[in-house]
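Laboratory data are not the source of any read-out in this text; all were calculated from the coordinates shown. None of the values given here were measured: they were computed from a predicted structure. Cβ placement follows ideal geometry from the backbone for every residue including glycine, while neighbour counts extend to all protein chains displayed.
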Amino acid sequence: MEQIQMSKGIHLTDYHDGVRLWLKSNVPWLKSVEYYPEITETLETPCAFVSVMGWEPVPHQPGNGQLAVNMHCEVLVAIGVKESTHQLDARNAAMFLSVVLQDNDFGLKAMPAKVVSADPDALDPELDDYAVWSIKYVQNVTIGMPTLEPDEERGIRLAVNPENMDDKNEYQPLGDFDETNN
């Protein structure tokens, strides 16, 4: 049986930052990678936006006060329409991003991402001056705080004739137990 790692889980801001930084470091042709929909000025393209659109709990939970979820995520890639091949460029960019997003954990404590779809996106009027494609993916992550502290030891511990039953130092992990030493 696999041992559950105790951690603080992923905070949504940390997840966004992890994906953004990974894309910035590994997709050098992107001139910027930002949160979506925080568009405040004219975009320098090609660029991308990262968004978490929602999540739902998964059937198997860690049982430690955290919540395991499938997050529904999206990366929007935008290409300026002044480029003569902007539609083709946008499709090619979406295809490339589909490949690099698939099975990626972005250096986070997360299961590998699974690409669901890639489609043209024309919903945001602020992006009308751009050819935009949306790459949607799902990723299983654990969110929330654990009920046990991360450094708290787990598992079966054993002591033979302890002097003080409440003293944790008198107990050894079962795997380390050697009858000849006691």
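Please list 3J(HN,Hα) in residue order for segment 20-27, calculated via the Karplus relation 6.51 cos²θ - 1.76 cosθ + 1.60 where θ = phi - 60°; whole Hz, with x for glycine and proline.
4, 5, 5, 4, 4, 7, 10, 10
Å³ per residue of the Cα convex hull, for segment 12-143?
Enclosed volume per residue, from the Cα hull, is 100 Å³.
Sequence gap at least 6, Cα distance under 8 Å: using those rules, report the relative contact order of segment 12-143 to the nearest whole percent.
Numbers: 247 pairs, mean separation 31.6, N = 132.
After rounding, I find 24 percent.
Net charge near M95: determine it from the other residues with C-beta under 13 Å of the C-beta of M95, scoring Lys and Arg +1 and Asp and Glu -1. The partial results should precede the final answer.
Working: positive: R91; negative: D89, D119.
Result for the local shell: -1.
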